[in-house]
Amino acid sequence: MQTPAQAIVPGVLEVITGPMFSGKSEELIRRLKRARIARQRVACYKPDIDLRYHRTAIASHSQQTHDAQTVRSVEDLRAVLFPILADVEVVGIDEVQFLSAEVIPLVAELIMLGKRIILGGLDMTFEAEPFGPVPQLMAMADKVTKLSAVCMVCGQPAIHTQRLGQSQELVVVGATGLYEARCRTHFTPHVDESGSEQLELVARADV
Ligand SMILES: [Zn+2]
């Protein structure tokens with residue numbers, strides 16, 4: 001039987017999701033800043049695929065940034081996080097849709113170790129399919145914040161990310177002008193006729 005001093009109180013999982021341009025990164029940055037103000041120790045990560053603005057920061061479309069370490073994979077994340085885990089109370093991960101399903105048991109483990117985990121990521125692809133591990137992480141979460149953007153056709157709340165154009169190039173993360181937020185009425189699923197996986201992205205530094 002554990003004494004109260006030995007028991008670890010489980011942490012919490014918060015997921016911030018929605019389409020592009022819905023303010024997910026801003027909301028993640030806001031929560032991490034508040035945690036820092038509360039003198040909690042924060043570690044923040046993002047997959048090494050989003051070269052949108054800075055290699056080592058979360059960037060929102062409104063130019064707010066927060067220091068974030070890039071990781072190439074879930075194994076990489078585990079390798080950099082666990083050595084410092086005893087000194088960390090809050091773990092933030094942005095663009096979590098680009099991580100493999102191995103992030104799911106890692107997050108479950110972090111919760112049981114008493115950490116507060118805050119994830120940001122797209123819930124749906126440009127084909128309106130569930131995006132990577134995000135739907136399952138939403139199901140596991142203590143709190144899900146689903147943000148909407150503004151439909152660029154009619155101004156109503158938008159839950160979809162519309163890919164524009166017929167380019168056969170692989171999806172470019174965060175490329176201005178390639179994507180718009182759209183409501184259900186004005187969204188047309190983007191079907192990639194080349195059959196390439198949306199998860200197999202090539203991030204370009206020149207966008
Ligand atoms: Zn619309």
- request: Answer yes or no: is there a residue in region 10-31 that is at pLDDT 95 or above and surrounded by fewer than 12 Cβ atoms within 10 Å (Cβ to Cβ).
  value: no
field: Any strands (runs of 3 or more DSSP E) falling wholly within region 65-121 and containing at least 1 residues that are touching a Ser or Thr at 6+ places or on another chain (Cβ under 6 Å), buried (at least 16 other Cβ atoms within 10 Å of the Cβ) and modelled with pLDDT of 95 or more
entry: none
- line: The strands (runs of 3 or more DSSP E) lying entirely within region 142-207 that contain at least 2 residues which are at pLDDT 50 or above and away from the ligand (no atom under 16 Å from the Cβ) are 143-146
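The values are calculated or read from the model by the stated rules, or taken from the named source; none is laboratory data. Values in this document were obtained by computation on a predicted structure and should not be read as measured data. Note: ideal-geometry Cβ built from the backbone for every residue, glycine included; neighbour counts use all protein chains shown.
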